[in-house]
Amino acid sequence: MTQPHSASTPTGAPQLARRLGLFDATMIVMGGIVGSGIFVTPYVVARQVHTPALIVAAWLAGGLIALAGAFVYAELAARRPQVGGQYAYLRDAYHPAVAFVYGWALLLVIQTGGMAAVAVTFARYFREVTHVPLAEPVVAGLGIALLVAVNCLGVRSGSTVQNGLMLLKILAILGLVAAGLFFVAGPEDAAPAAARAAPSGSLLLAFGAAMTPVMFSYGGWQTASFVAAEMRNPRRDLARGLLIGVLGVIALYVGVTLACIHALGAEGLAATTTPASSVMRLAFGQTGATIIAAGIAISTLGFLSQGMLTAPRVYFAMAADGLFFRRVAWVHPTTRAPVVAVVLQGVLSLLIALTGTYEQILSYVVAVDWVFFGLTAGAIFLFRRRGGDADDGVSRVPGHPLTTALFITAAALIVVSTVLAAPVDSAIGLGIMLTGLPVYLLWRRRAA
């Protein structure tokens, strides 16, 4: 049986500082989910299922799956309040090799490619709003460099910036919802259009296709677990933050969907590739389009900030376990930040942003990410069967084992549907993930 343990720096070396509370945890959860996707993705869903009821149902169904995942991670956070979060759950439940492969995939595919794409998106909207005479790669690089510097100053500094950006994101989304619901009359023929529209092909297949972009938009709650070791009371605050944060995002996403449907109609929503801009333009003209562009720029920067705050903790934990370059586990004696891990994440994200390969990498992400979601949920069965965990303060998954099994089933279905829809990209992503196994064996042999 694998015994629980926590990654740490060598004896006598500076340790990570516990400086985060419930509000920080909630903002980190929401910040890890809300990027630029919600401003764009509603049209993709509308093109699949066509009717207002089904469009809203897809976002609600995705929210319920995300909430089930949040309950799973809340229990795991209470059982294993350790640095690296999901990495630690996989390590203690299965084997260090599984955890290493996860960290390997996070570094090469899941996190770094996503952050590079977000950095470029931020640069695009920032230039649109400010008309700054700098190329997109330069703006993206400056954004990444700024966030690296902030997070090297410590977890409190990084979290403060993240909290502020998340609050601005919420205001931007609430502004979009208000504009769509109260400042646009909506298309006159919205009801007849909805009545005429009918899903093409099988309703089940169409709904399944709509769920892929929805689940991509809901992904990211798990990254809050990476900073568990820097929370003052991770058993309580991380568990509560996961649930409050996911519920908050569900409310925001459904609100945006309803606003887009009210302002554009189901057919109008499916016809535009920029639904947020279209709604704001209808409400306030070009000024509205500029305002939402600024909102998207802030949202993408906030998502980038959250990734720079959380992901380096996984590489730190890998290094502290002796499974990565030992220097990556170095903690600055004054700021108590894992500076080398933060810089590593920043440099790799910057390189991918500059080479323009992030779009390819993004297409590899979904299947890989949901493989680990399913495995992580399965860890609850193992931890409960082994026993020995203190149950005081543990937030248990409601309806377990049924709800946990349903989440694992949903994860498996998302992986299968993604592989069927994009077999080449999924195979490349899964192949990159599996290259972590020989690397793990080499690292263990080197450390022996």
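The values are calculated or read from the model by the stated rules, or taken from the named source; none is laboratory data. Predicted model only: the values in this text are computed from it and were never measured. Counting neighbours? That spans all protein chains shown, and the Cβs are built from the backbone with ideal geometry, glycine included. For the accessible areas, the whole protein counts, side chains as well, though only heavy atoms, and no ligand, DNA or RNA atoms are used. Shrake-Rupley method; radii C 1.70, N 1.55, O 1.52, S 1.80 Å.
Looking across Val148, Val132, one residue alone is in a loop (DSSP other than H, G, I, E, B) and either touching a strand residue (DSSP E or B) at 6+ places or on another chain (Cβ under 7 Å) or at negative phi (or both). It is Val132.
Please determine, by comparing only the residues of region 289-329 that are among the aromatic types (Phe, Trp, Tyr) and not in a loop (DSSP other than H, G, I, E, B), which one is farthest from Ile38 (Cα to Cα). Out of the qualifying residues, it is Phe316. Within region 2-16, not a single residue is at pLDDT 85 or above and open to solvent by 10 Å² or more (accessible area, probe 1.4 Å). Among the conditions (1) more than 22 Å from Gly35 (Cα to Cα); (2) over 16 Å from the mean Cα position of the chain (by Cα), Tyr87 misses just one, which is (2). Check region 103-114 and report whether any residue there is among the hydrophobic types (A, V, I, L, M, F, W, C), modelled with pLDDT under 90 and either outside any helix (DSSP H, G or I) or more than 28 Å from Gly436 (Cα to Cα) (or both). The answer is no; no qualifying residue exists. The single condition among (1) open to solvent by 10 Å² or more (accessible area, probe 1.4 Å); (2) over 16 Å from the mean Cα position of the chain (by Cα); (3) more than 20 Å from Tyr364 (Cα to Cα) that Ile65 does not satisfy is (2).
Each residue in region 403-426 was checked for being farther than 17 Å from Ala61 by Cα and either open to solvent by 60 Å² or more (accessible area, probe 1.4 Å) or of a type in the set (D, E, K, R) (or both), and 6 of them qualify. Checking Thr257, Thr272 one by one, the residue that is of a type in the set (S, T, N, Q) and over 18 Å from Gly63 (Cα atoms) is Thr272 and no other. A single member of Pro52, Pro42 is crowded, with 24+ Cβ neighbours inside 10 Å, over 28 Å from Ala379 (Cα atoms) and not aromatic (Phe, Trp, Tyr), and it is Pro42. Scanning region 274-290 for residues that are surrounded by fewer than 19 Cβ atoms within 10 Å (Cβ to Cβ) and either touching a Ser or Thr at 6+ places or on another chain (Cβ under 6 Å) or touching a residue at least 40 places away in the same chain (Cβ under 8 Å) (or both) turns up Thr274, Phe284, Thr290.
Return a yes/no flag: does region 247-257 have any residue that is open to solvent by less than 10 Å² (accessible area, probe 1.4 Å), under 26 Å from Gly84 (Cα atoms) and either assigned to a helix (DSSP H, G or I) or out of contact with any Gly (no Cβ under 6 Å at 6 or more places or on another chain) (or both). Yes, that holds for at least one residue. Taking every residue in region 308-330 that is under 23 Å from Asp369 (Cα atoms) and pairing it with any residue that is basic (Lys, Arg) and surrounded by fewer than 24 Cβ atoms within 10 Å (Cβ to Cβ), at least 6 positions away or on another chain, the pairs with Cβ-Cβ distances below 7 Å are Ala319/Arg326. Scanning region 217-243 for residues that are surrounded by 22 or more Cβ atoms within 10 Å (Cβ to Cβ), part of a helix (DSSP H, G or I) and out of contact with any Leu (no Cβ under 7 Å at 6 or more places or on another chain) returns Ser217, Tyr218, Gln222, Thr223, Phe226, Pro234, Leu238, Ala239, Leu242. The set of residues in region 75-100 that are buried (at least 24 other Cβ atoms within 10 Å of the Cβ) and among the hydrophobic types (A, V, I, L, M, F, W, C) comprises Leu76, Ala77, Val83, Ala88, Leu90, Ala99, Phe100.
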